[in-house]
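Visitor: Just dropping this structure here.
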Amino acid sequence: MGSYSYRFMSESVRNNIASYRYSYKQHGCRAVVKVAIDIKTFIDTNGHKHNHPSDEIDCKKALITNIIKKRVLNEPTGVLKIVEEEYAKHQLNHEEQRRFLLPEAKGA
């Protein structure tokens, strides 16, 4: 799975498998990974290789976004405060800061 980010695609409770597709479908990438639902462990791929290089920044962004989402759901802290804390905690460099816009900047 390396430095690629994935989005949930489908789930088979009967087979205990969740499938995740590469996040940026516009690349024409058909790579899919399969994960065991109960223990959240990688099982297999669909055999398609990525047809593009990985994007370290997008992978880091997806990881931090998931952390932020969990904290927002579980903590009484304000969203902007959580975002700022996570950005600081992960020590984003200049390029990452440019691509990781704060929520108020995205609406502008």
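Values quoted throughout were computed directly from the atomic coordinates according to the rules given, and no laboratory measurement underlies them. For clarity, every value in this text was computed on a predicted model and none was experimentally measured.
Visitor: If amide hydrogens are placed 1.01 Å from N in the peptide plane, which non-local residues have theirs closer than 5 Å to the one on Ala31?
Guide: Correct list: Tyr22.
Visitor: Over 27 Å between Cα atoms: which of Lys40/Lys69; Lys34/Lys89; Lys49/Lys69; Lys34/Lys61; Lys34/Lys81 fall into that group? Before the final figure, lay out each step's value.
Guide: Details: Lys40/Lys69 19 Å; Lys34/Lys89 30 Å; Lys49/Lys69 29 Å; Lys34/Lys61 21 Å; Lys34/Lys81 34 Å.
Among Lys40/Lys69; Lys34/Lys89; Lys49/Lys69; Lys34/Lys61; Lys34/Lys81, the Cα-Cα distance tops 27 Å for Lys34/Lys89; Lys49/Lys69; Lys34/Lys81.
Visitor: For region 82-99, in order, what is each residue's ³J(HN,Hα) by Karplus, 6.51 cos²θ - 1.76 cosθ + 1.60 with θ = phi - 60°, in whole Hz (x at glycine and Pro)?
Guide: Rounded to whole hertz, the list is 4, 4, 4, 5, 5, 4, 5, 4, 8, 6, 5, 7, 4, 5, 5, 4, 5, 8.
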